[in-house]
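Reviewing the structure listed below.
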Amino acid sequence: MKNIKEIKKNLRAQFRQYRERMNPEKKSKYDAAILDRFLSLREYESARTVFTYVSKPIEVDTTELIRSVLALEREVAVPLCLPETCGMQFYKISSLEELIIGTYGVLEPDPERNAPVQGSENSICIVPGLSFDSQGYRLGYGKGYYDRFLSDFKGLTVGLCYTGCLKWNLPHGYYDKPVDILITEKYIRRISAKKA
């Protein structure tokens, strides 16, 4: 029987390939539908801060989401990766133009210019994933950055995913936490399992 690392590696390759082969027009349409669903969440309306990743080309786009949240004068926080610990620190931003190219070629906040976020109560965190399952568990990129961050996160978590990247069940460990809400281009699913 294959071990869990091998299974996850194969799944990552499968979903990366799916995303890389997506028609750009279809991707834009799906991204817009996912954004509309996120902005319609009652949980978003009551959130003080939106913690979100800054998307890479194969991910569900968050740049328009960031612009939309900032346009409504809401607080946005994006992560700075700390490779030495595989941890993250989130910083408030007021514009995408403030971001600089950081770890893994991802746009990140400039710690010289942006203020770190203290506390995560009354917040919502958009969590990246190559795949999510019906219970809200995610398949990340394998570095564990978000797993470490979410272990102390006090707010609500939201996964954004294309339906073509969903699995009924993904392998997960004891410490993995499901997201509270899953959004695809077709629906919003509120996950029944709550964070411990």
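Each value in this text was obtained by applying a stated rule to the coordinates, not by laboratory testing. Note that the structure is a prediction, hence the values are computed from the model and not measured. Neighbour counts are summed over all protein chains in view; Cβ atoms, including those assigned to glycine, are modelled from backbone coordinates with ideal geometry.
Results, tabulated for the structure shown:
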read-out	value
Long-range amide H partners of T157 with built H, under 5 Å	C125, D180, I181
Per residue, the convex hull volume that the Cα atoms of the range 4-190 enclose (Å³)	118 Å³
Per-residue HN-Hα couplings for the range 171-179 [Karplus 6.51, -1.76, 1.60; θ = phi - 60°; Hz; x = Gly/Pro]	x, 8, x, 4, 8, 5, 10, x, 6
Choice from E43, E64, E84 showing the highest fluctuation, given a GNM over the chain with Cα pairs closer than 10 Å	E84
Sites S95 and A13 - FRET efficiency at Förster radius 30 Å, r taken between beta-carbons, to 0.05	0.25
In Hz, Karplus ³J(HN,Hα) per residue of the range 67-78 (6.51, -1.76, 1.60; θ = phi - 60°; x = Gly, Pro)	4, 5, 5, 5, 4, 8, 6, 9, 7, 10, 10, 10
Gain on full stretching of the segment that runs from K29 to K186 - 0.36 nm per residue minus C-alpha separation	55.4 nm
Evaluated over the range 1-75, the Cα radius of gyration and Dmax, each in Å	15.9, 52
Anchor K5: lysines whose Cα lies under 25 Å away (excluding residues fewer than 8 positions away in-chain)	K56, K143, K167, K177, K195
Residue exposure sequence - I7, I124 - by fewest surrounding Cβ within 10 Å	I7, I124
Interchain or long-range residues, amide H under 5 Å from E75's placed H	V50
The chain - mean residue ellipticity at 222 nm from DSSP helices (-39,500 (n - 2.57) per run, n ≥ 4, rounded to 500)	-8000 deg cm²/dmol
